[in-house]
1. Please report the Cα spread of the range A:11-192 along all three principal axes, rounded to whole Å, starting with the longest.
2. Stokes-Einstein D for the protein assembly as shown at 37 °C, 0.692 mPa s, Kirkwood Rh over Cα pairs, in µm²/s?
3. Under 5 Å between amide H atoms, partner at least 5 residues away or on a different chain: which partners does A:Thr83 have, H built in plane at 1.01 Å?
4. Under a 5 Å amide H to amide H cut-off, with H placed in plane at 1.01 Å, what residues pair with B:Thr117 once short-range neighbours are removed?
5. What ³J(HN,Hα) values, in whole Hz, does the Karplus curve 6.51 cos²θ - 1.76 cosθ + 1.60 give for the range B:127-142 when θ = phi - 60°, with x put for Gly and Pro?
6. Applying a 10 Å radius around every beta-carbon, put B:9-19, A:114-124, B:38-48, A:91-101 in order of their mean neighbour count, most first.
7. With the radius of gyration and the Kirkwood radius both derived from the Cα set of the range B:74-139, what is their ratio Rg to Rh?
8. Once the label point is placed 7 Å from Cα along Cβ, list for B:Pro58 the distances to the corresponding points in the other copies, in nm, shortest first.
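Just so it is clear, none of the values below were taken in a lab; they were calculated from the coordinates. Because the structure is predicted, anything quoted here is derived from the model rather than measured. Counting neighbours? That spans all protein chains shown, and the Cβs are built from the backbone with ideal geometry, glycine included.
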Number of protein chains: 2
Amino acid sequence: MVVLVVMKRPRIYLAGPEVFLPDPIEAGRIKVALCAEHGLDGVYPLDASLPLAGLAKPTQAALISRSNEDLMRSCDAAIANLTPFRGVSADAGTAFEVGFMRALGRPVLGYTNATATYLERSQTYRNGARLPFDGDAKDIAIEDFDLAENLMIEIAIQASGSRLVRHTPAPAQEMTDLEGFRVCLAEARRLLVG
Amino acid sequence: MVVLVVMKRPRIYLAGPEVFLPDPIEAGRIKVALCAEHGLDGVYPLDASLPLAGLAKPTQAALISRSNEDLMRSCDAAIANLTPFRGVSADAGTAFEVGFMRALGRPVLGYTNATATYLERSQTYRNGARLPFDGDAKDIAIEDFDLAENLMIEIAIQASGSRLVRHTPAPAQEMTDLEGFRVCLAEARRLLVG
C-alpha cells in the first residue's frame, strides 16, 4: 500500500498597505512568489481583485471587509507591513488585522521600513504641520518603550516568538522594499515548519 | 426559599487614546462612571495604573500588552474612541484592539470626534508637511467608501449591528468630548441588554 502524505503548506496572511499601491495586484504577486520560495502559501487581501464594479460604496466596503476577515481565519499566521502610513503609525487596517490574528492565537510577524522609534517619529510629527486636528498636542504622552510601533502591536509580535524587523530601504523604496519581509518569511518557516 | 438572581452587568472594554492624556486615570474614571449610569461595567485599559516603576521598558510594554489583552478577553463588547491620533487614522493600539475584539466575535462600537471622511482627512494630510516618510504619495490610493475610518474598522462596527458615530465637539475638546461615547453606550445597552 502506498500512503501519500500531502503536507499542507502554512498559509500566511499578507497584511499591509500594499493594497493602496498603484499596482496592488502586482505587489501581491511578488509577495506570494516570495512566500512560495520559502515553502509558504501567501494569502493576499482581495481589495483589488474582488468584483466590485457597479456596487455601491457601502456594499464594496462590506465585501472587502468580510472577504479579508474570512481569509484571515483561513490562515496560520500573518506577516504585517507596519511601515508608517499617513501618520506616525502603521496603516489602521493593518493594525486591525494584527489584533485580529493575535486574538485568534495565530502568530503575528511584522516588519517596518522605518527604523526610527515610535518616540522619534512622534517627535518629528509634533514639530511639523498637520491636520487641523490629529490627536497630538504638547501635553499628550508619547509612548517611550524603545519600540518601533504601538506596544499592543509590537508585543503581539514578540509574544508570537518573533520580533518586529526594522530595516532602512533606499530612498523612495519605503513602500516596496521587501528585505524585512524576507526576514519575516524565514521567521514564519522557523515558527510554523521548524 | 429565596432565590437571589444577580444579573451580571455587561463588561465594556474602553479602547482609545485617553491613556495618553495628561490625566489618564481621571479620563478613565469619567468613562467608567458613564458606563455605570447605563448599567454597564466599563473596563479601562490599565496602562497608567499598573505597578511599572523600576521595570525595564520592554518588561513594562509586555505587562501592559498582556494585561490589556486579558482585559479584552474578559469583556462582552468594546467601545472604541477612533478620533484621529497623530495622523489620518485612529490610534494604532485602538485599531489593534478593535480587530482583537472583532476576531473574538464580541460587538465593537465606536465613535470619532472628527466628522470629515477618511478621504477628506487624507487629502488634507497630503497637502501639509509631514514626516520624512509616512507612506503617502500622489500615486498611493486613498480609500473612498464615504466612511470615517479604514473600512476594516468601520465595517467591523457595522457588522456588530451598530454604526461609527461621528460628532464634532467644540474646539479643543476633540480628545475629551464624550457625546459620541454616550451614543455608543446606548448602542451597547441595546445590543447587550435589549
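1. So the extents along the principal axes, rounded to whole Å, are 44, 43, 33.
2. It comes out at roughly 155 µm²/s.
3. Residues meeting the criterion, in which the H sits 1.01 Å from N, are A:Asn113.
4. none
5. Using θ = phi - 60°, the values come out as 8, x, 7, 9, 4, x, 9, 9, x, 9, 6, 4, 9, 9, 4, 10 Hz.
6. In descending order of packing, they fall as A:91-101, B:9-19, B:38-48, A:114-124.
7. Reported Rg/Rh (Cα atoms, Kirkwood Rh): 1.06.
8. Here B:Pro58 shows inter-copy label distances of 4.8 nm.
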